[in-house]
Each structure stands twice: as structure tokens, then as C-alpha cells.
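Scroll down for the structure; my scribbles are underneath it.
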């Protein structure tokens, strides 16, 4: 199990980029030589070596990016991302993963000691992204666009089978008579769920079919293939409590903001633009030629987006 992190978006932007190793700083370099400068701060060779000891499996580009992000985002969001908040997030993640925590750390190349500063970086990045979304993305136009495809909560039995034949037989038995319907509901009691159009646990194809049903109605067999595993499942839906969103968009304004937020957090162009904004704001300058291009993907993506 992997940790959910904004860094995955950032890493995607850098896919295929050449990795520069610590040899980029030759043995003749002074420990106090500047690698990166910014308003009110610097990152020196000694800082890089210290970071490399804490995160030995990370490439140098990532180390320097994270050192920079820590410094520039902390200026604006350090009061929000406190030690208490970070420790709380670390504990909740550890509790959530339980016995899988150690293996999850290994998958990410982390230790328990390095997980806390890692989490701090992630939370600072997230705070910067969320702030930009709040300031720029909750426009009337974006809210109306999200409203077009939004559907409020419904409650239904959502049952999956591994074969179309099994799903068809289960559906036929459930629709046969009242006893069949009651048996279906009793057998699948744990499959009774409440969801809306933003729910990640119910496939889009299943949502589309479900939202058309009236109370007590069954769907046809719905085929859905997982994009992550490639596995095809066959679903049956019985609607328990349907809903209509009506015409009052303001009633669901918070839900619509969550839709926008989720979309923008996964938008690599938007994320790169936010990072580029803070790099420029803090006058981040790379002094060491071997690392000259480590932020170019952010600034180039931002420039391309702005020119459209």
C-alpha cells in the first residue's frame, strides 16, 4: 500500500528526466558553497549532503527540489503546517496502515525517522496547492461546470460479480418475486452504500446507471473494467433512496468546491503552475550548473499553459 501524496503529481512531471548524482558537487567544493539561492535563504552543499543521509534512496534532483519547496512554502504556510499538525498526520497514517506501515515505508524508500520530514514537505506542498485553488478556482464558471455533472447522494445496493453469467443469474433471482428481492437484500446487506457523483469507490459506469433508477428498481447488468488493475467486474444495482439535485446550485456549493479541488489536485499543469509561481515569488536561482534544469519542467509547463 502506497501513501497518497502530492509528490506523485510532481514526480510525473519529471518522468524521463536525467538524474544527477551527488558527484555533481566535486570533492573540491566547500561545504558552504551555494547550490540554490532564494529570498532570505540558501541551500548549500552541506544541506544537500545532510538531506542525502536522511533520504539515501532519493535522487539528487528530488532532494534539492524538496529542500527548496520546504523553504519557500514554509514562508507562507509554516504557521499552518505546525509540528503538531505533522505529528497528527503521521500518527493517523500509521494507524490507518497498521501492520502494513513498515512495508509502505520501504516501498517509498523511507524510514520511520525520515517519514516525519517527508510528511511535512507533502503537507506544505498541499497547503500551497489548496490555497491557490481557493483563491483562483472557485469561480462561477467552474462551479457551474461542476454542477452540470454533479448528482447528490443516493443509497443503493451495489453488488459485483466476477462473471456476467453470475451477475445475470443473481439479477434474475432478485427480480423474480418479493421473496427473491428480500433474499437479495439480506444476502448483500453489506453492499448497501450511499454515494454521489464524486465517489471514488463506485465506478462511473455504475453511477451513471444508478442515477437513472427510481426507488426499488434494479439496473441491468453493468460491466466495468478497472483502469488500475484491468479486471472486469459485473455489477447489479438496486436503488433504495434516489434523489434529484433540483435547480439550486448553492445548496451543493461545498460539494462542488470539493469536485473542483479534486480535479485541480490531479492536474499536473495546474500544480506545476503553482510551484512556478512560488519559485518566481522567492527568486529561486540555481547556482550550480550541474543542477541548472531541475526546475525547468515546472516553469516551462507554466509558461506553456499561460500562453494558451
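The values are calculated or read from the model by the stated rules, or taken from the named source; none is laboratory data. Not measured: the values here are computed from a predicted model. Ideal geometry is used to build each Cβ from the backbone, glycine not excepted, and the neighbour counts take in all protein chains shown.
Considering only residues of region 66-87 that are free of Cβ contacts under 8 Å to residues at least 40 places away in the same chain and assigned to a loop (DSSP other than H, G, I, E, B), which is farthest from residue 275 (Cα to Cα)? Checked region 66-87; the qualifying residue farthest from residue 275 (Cα to Cα) is 82. The lone criterion from (1) surrounded by fewer than 16 Cβ atoms within 10 Å (Cβ to Cβ); (2) without any contact (Cβ under 8 Å) to a residue 40 or more places away in the chain left unmet by residue 223 is number (2). Scanning region 186-208 finds one or more residues that are loosely packed, with under 14 Cβ neighbours inside 10 Å, under 16 Å from residue 243 (Cβ atoms), out of contact with any strand residue (DSSP E or B) (no Cβ under 6 Å at 6 or more places or on another chain) and at pLDDT 95 or above. Filter region 167-185 for residues that are exposed (fewer than 14 other Cβ atoms within 10 Å of the Cβ) and within 19 Å of residue 233 (Cα to Cα) and give the result. Correct list: 169, 172. Taking region 138-150 as the range and being part of a helix (DSSP H, G or I) and surrounded by 15 or more Cβ atoms within 10 Å (Cβ to Cβ) as the test, the residues that pass are 142, 143, 145, 146, 147. Looking at region 105-122, can you tell me whether even one residue there is out of contact with any helix residue (DSSP H, G or I) (no Cβ under 9 Å at 6 or more places or on another chain) and either surrounded by 21 or more Cβ atoms within 10 Å (Cβ to Cβ) or modelled with pLDDT of 95 or more (or both)? No: region 105-122 contains no residue that is out of contact with any helix residue (DSSP H, G or I) (no Cβ under 9 Å at 6 or more places or on another chain) and either surrounded by 21 or more Cβ atoms within 10 Å (Cβ to Cβ) or modelled with pLDDT of 95 or more (or both).
Filtered by the rule that a residue be under 23 Å from the mean Cα position of the chain (by Cα) and either in contact (Cβ under 8 Å) with a residue 60 or more places away in the chain or not assigned by TED's automatic domain parsing to the domain that holds residue 112 (or both), region 38-65 gives 55, 61, 64, 65. Among the residues of region 70-92, the ones that are buried (at least 21 other Cβ atoms within 10 Å of the Cβ) and in contact with a helix residue (DSSP H, G or I) (Cβ under 6 Å, 6 or more places away or on another chain) come to 3 in all.
Answer with yes or no whether residue 135 is closer than 30 Å to residue 249 by Cα and in a helix (DSSP H, G or I). Spelling it out, residue 135 is indeed closer than 30 Å to residue 249 by Cα and in a helix (DSSP H, G or I). Among the residues of region 26-61, those that are part of a helix (DSSP H, G or I), buried (at least 16 other Cβ atoms within 10 Å of the Cβ) and touching a helix residue (DSSP H, G or I) at 6+ places or on another chain (Cβ under 8 Å) comprise 47, 48, 51, 52, 60, 61. Looking at 281, 261, just one residue is within 30 Å of residue 139 (Cα to Cα), modelled with pLDDT of 95 or more, in contact with a helix residue (DSSP H, G or I) (Cβ under 7 Å, 6 or more places away or on another chain) and surrounded by fewer than 19 Cβ atoms within 10 Å (Cβ to Cβ), and that residue is 261. Filtering 178, 156, 182, 173 for residues that are in contact with a strand residue (DSSP E or B) (Cβ under 9 Å, 6 or more places away or on another chain) and at negative phi leaves a single hit, 156.
Pairs only if they're at least six apart or on different chains, beta carbon under 9 angstrom, first in region 187-199 and free of Cβ contacts under 8 Å to residues at least 12 places away in the same chain, second surrounded by 14 or more Cβ atoms within 10 Å (Cβ to Cβ) and in a strand (DSSP E or B); list them, first residue then second. Final answer for the pair search is 187/159; 189/157; 199/193. Condition first: out of contact with any helix residue (DSSP H, G or I) (no Cβ under 6 Å at 6 or more places or on another chain), in contact (Cβ under 8 Å) with a residue 40 or more places away in the chain and not in a strand (DSSP E or B). Now tell me which residues in region 151-180 satisfy that. Hits for region 151-180 are 151, 152, 153, 162, 163, 164, 166, 167, 168, 170, 171, 175.
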